[in-house]
Amino acid sequence: MTTATATAPPCVAHLVSHSTARLQHSRAALLLHLNAAFRTKKTTKNNLSSRNTSSTIAAALPFELSPPPIDHDFLDSVTAEGAKVSEEGIIETFENDDEALDAFDNGVVVMDLSHFGRIRASGDDRIQFLHNQTTANFECLSEGQGCETVFVTPTARTIDIAYAWIMKKAVLLMVSLETCGNITEMLNKYIFFADKVEIQDITKQTCLFALSGPKSSEVMANLNLGDLVGQPYGTNRHYNVNGMPITVGVGNIISEEGFSLLTSPAAADSVWKTLLSQGAIPLGSNAWEKLRITQGRPAPGKELTNDFNVLEAGLWNSISLNKGCYKGQETISRLITYDGVKQRLWGIHLSAPAEPGSPITVNGKKVGKLTSYTTGRKECDHFALGYIKRKAASDGDTVIVGEKIIGTVVNVPFLSRQSPPPVKNSGPRLN
């Protein structure tokens, strides 16, 4: 598990609660302040500045995560500029998918991930509570640090991966759209009477953008946020522009490289336009799904289901192997001790399109199942993710998907970054 090692500046746990009139007044001025702050390398009292260097932030009103209702005009703005938005409020495409995918590899992209879930855990017992409910070691983290953790069932079947930020008075968990409601309900279910923990779904009160690509650090430096460049994954800090808070973290849901920006709906449009002005290419959810599959990030309902456990999904960096009891811990320990991981997730280059759920065979024997499929940038490119039995195939081997589709097994970036423990030769193996 990758965690931050340095203590970040004091953090703020909530978003500023403004009156509707204040929000409307701030919108017109916010972009000017953002541009001015982002262009200036020297911090002034009106510029984007870290909380520990700005007296105006220290004097800010108490933050709340339940601001008064406001118009969420960000989607209206991008729709007017040609983006296609689904009925659920998800930006599907900017009609530039190829350009955006190229920018992910060679430049910088910005993705609206506001449809992903955001859960806030607060209360004096929040750290111990999450420590016991997920796979990561929260007790070793300090304010301003972060990590990835996994929600699992008692038998270590995967529910979802969460990207977590440790703040001064809360922990923010970023999860998938499909699982946010169930995870919120599940966490509330496990709060006992004496527990000082409060769980809130704050998805609608916040917006989330992800910046990714090899030039994302340049954008951060240009925006006077260079102090985050090179910091450990999950490091998060709070900044303030004209009374509007923005939390920025190192890494994002799809990659340890890049950054995440959490803001209020009132500031979202201005922050988005400022990132575009720095050369970031907008990327919609259709291209995001291609990235997810080609990068190898497992998703709920596909790779993360009751059919597969957390170790088969390869999420080693999100698992603490030396902390105390937590949900799923007994099963995970047995799987490691007795070498009981029977299959693993791979990327597969395909010769033709294939349906998720198709069997994967070697020499006529079923050895796995396809879980996700996408086309490449060229019509002849086809790529998939799938689980394959451990000894049946490995990197570079050929498999058959369905009846006659030829597949080549390959490593994928997200899973290649995982660090499983050394294989022990002692101990019986689970069959």
Subject >> Per principal axis, descending, Cα span of the range 342-415 in whole Å >> reply: 33, 29, 20
Subject >> Karplus (6.51, -1.76, 1.60) ³J(HN,Hα), θ = phi - 60°, over the range 388-402, in Hz, Gly and Pro reported as x >> reply: 9, 4, 4, 8, 7, 6, 8, 3, x, 6, 9, 10, 10, 10, x
Subject >> Amide hydrogen neighbours beyond the local backbone of His382, cut-off 5 Å, H modeled >> reply: Leu350, Gly376
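Students sometimes get this wrong: rank His238, His115 by accessible area, probe 1.4 Å, all chains present, largest first. Please list the in-between numbers first.
On the way: His238 15, His115 40 Å².
From most accessible down to least: His115, His238.
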Original post:
What's the extension gain from Asn286 to Asn363 if we count 0.36 nm per residue and subtract their Cα-Cα distance?
Top reply: 24.2 nm
Subject >> Relative intensity, log₁₀ I(q)/I(0), of the range 261-331 from a Debye sum that treats every alpha carbon as a point, q = 0.13, 0.16, 0.22 Å⁻¹ >> reply: -0.67, -0.82, -1.00
**OP:** Take the Cα atoms of the range 91-185, build their convex hull, and give its volume per residue in Å³.
**Re:** 135 Å³
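Quick check on packing: order 404-414, 169-179 by the mean number of other C-beta atoms within 10 Å, highest mean leading.
Top to bottom by mean Cβ count within 10 Å: 169-179, 404-414.
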**OP:** Please list, in chain and number order, the residues 5+ apart from Thr305 or on another chain whose amide H is under 5 Å from its amide H, with Hs placed from the backbone.
**Re:** Thr158
**OP:** Work out from phi, with θ = phi - 60° and the Karplus expression 6.51 cos²θ - 1.76 cosθ + 1.60, the ³J(HN,Hα) of each residue of the range 168-177, listed in order in whole Hz, and give x for Gly and Pro.
**Re:** 5, 10, 7, 10, 9, 10, 9, 10, 6, 4
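Let me check I've understood the local charge: for Leu187, count other residues with C-beta under 15 angstrom from its C-beta, Lys and Arg +1, Asp and Glu -1. What total comes out? Intermediate values should be presented prior to the final figure.
Numbers: positive: Arg118, Arg120, Arg126, Lys189, Lys196, Lys327; negative: Asp125, Asp160, Glu185, Asp195, Glu198, Asp201.
Within the 15 Å Cβ shell, the charges total 0.
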Original post:
Can you list the lysines whose alpha carbon is less than 27 Å from that of Lys342, not counting same-chain residues fewer than 8 positions off?
Top reply: Lys302, Lys323, Lys327, Lys365, Lys366, Lys369, Lys389, Lys391, Lys404, Lys424
**OP:** Starting from the alpha-carbon convex hull of the range 58-291, give the projected area averaged over all orientations, in nm².
**Re:** 13.3 nm²
**OP:** Keeping all protein chains in place, calculate the accessible area per residue for the range 58-291 (probe 1.4 angstrom), answer in Å².
**Re:** 36 Å²
**OP:** Just add up the charged neighbours of Gly364: K/R +1, D/E -1, any other residue whose Cβ is under 13 Å from the Cβ of Gly364.
**Re:** +2
Original post:
Which whole-Hz couplings ³J(HN,Hα) result when phi for each residue of the range 382-387 is put into the Karplus expression 6.51 cos²θ - 1.76 cosθ + 1.60, θ = phi - 60°, listed in order with x for Gly and Pro?
Top reply: 9, 9, 8, 10, x, 8
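When the Kirkwood radius is taken over all Cα pairs of the range 146-268, what Stokes-Einstein diffusion coefficient follows at 37 °C and 0.692 mPa s, in µm²/s? Present the calculation step by step, with values, prior to reporting the outcome.
Numbers: Rh = 15.8 Å.
Estimated diffusion coefficient is 208 µm²/s.
The values are calculated or read from the model by the stated rules, or taken from the named source; none is laboratory data. Since the structure is predicted, the reported quantities are computational estimates derived from the model, not experimental observations. Positions of Cβ are generated from backbone atoms using ideal geometry, with glycine treated the same way; all protein chains shown enter the neighbour counts. The area values use the complete protein model at the heavy-atom level, side chains included, leaving out ligands, DNA and RNA. Shrake-Rupley method; radii C 1.70, N 1.55, O 1.52, S 1.80 Å.
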